[in-house]
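The structure under discussion appears below in the form of structure tokens.
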Amino acid sequence: MALETLKDVGATPFVGVDHEANTITFKIQDGPIKEHGLNGCQLDEMVRQAVTIIRGLNKKFPCRENSLAITKFEEGLLWLDARTKDRKFRGVEGKSEQ
């Protein structure tokens, strides 16, 4: 693996990791899960993988900018989670409704 940036990234059914080529691929969810079934990963999974990579880089090359990027990505995940909770509360999570 080139820079070991993916050493802590694990493959899942919709996330492919090639450690030899130092690449990661995502199959994105196509349509709401309740309407189309689970057929890909959500945006938050991509963000979590990005945080894992940045954390690995920050261990090797620590800097304020990496730490801030991690914090902002984590903040974004909190907002995505809040959105999901709101959609569940309103009964529209997993549907093509606002």
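Nothing in this text is a laboratory measurement; each read-out follows from the coordinates by a stated rule. The shown structure was predicted, so the numbers you read here are calculated from the model rather than taken from an experiment. Please note: Cβ atoms are built from the backbone with ideal geometry, for glycine as well, and neighbour counts cover all protein chains shown.
Could you list the trypsin sites (Lys or Arg not before Pro) in the chain that lie in coil according to DSSP, counting only those with at most 15 other Cβ atoms within 10 Å of their Cβ?
Working: sites: 7, 27, 34, 48, 55, 59, 60, 64, 72, 83, 85, 87, 88, 90, 95; in loops: 7, 27, 95.
Taking the chain and a limit of 15 other Cβ atoms within 10 Å, the loop trypsin sites (Lys or Arg not before Pro) found are 7, 27, 95.
Pull out the extension gain between residue 77 and residue 26, defined as 0.36 nm times the separation in residues minus the alpha carbon to alpha carbon distance; nm, one decimal.
On the way: separation 51, 0.36 × 51 = 18.36 nm, distance 1.76 nm.
The span from residue 77 to residue 26 would gain 16.6 nm if fully extended.
Quick one: dipole size for the stretch 1-97, taken about the Cα centre, charges +1 on Lys/Arg Cβ and -1 on Asp/Glu Cβ, in debye to the nearest 20.
280
Dividing the alpha-carbon Rg of the stretch 1-74 by 2.2 N^0.38 Å yields what?
1.24
Looking at 49, 19, 62, which one has the Cα that reaches farthest to the positive end of the dipole of the chain (charges on Cβ: Lys, Arg +1; Asp, Glu -1)?
Of the listed residues, the answer is 62.
Compute the helix-to-body angle for 64-90: its Cα long axis versus the longest principal axis of the chain, expressed 0 to 90° and rounded to tens.
The helix 64-90 is inclined about 10 degrees to the chain.
For the chain, what does the helix formula give at 222 nm: sum of -39500 (n - 2.57) over DSSP H segments with n ≥ 4, over the residue count, nearest 500 deg cm²/dmol?
-16500 deg cm²/dmol
Taking 29 Å as the cut-off for C-alpha to C-alpha distance, list the pairs among 27/72; 27/95; 7/72; 7/95 that go past it.
Too far apart for the 29 Å limit: 7/95.
Quick one: angle between helix 43-60 and the longest Cα principal axis of the chain, in degrees between 0 and 90, rounded to 10, please.
So the inclination is approximately 20 degrees.
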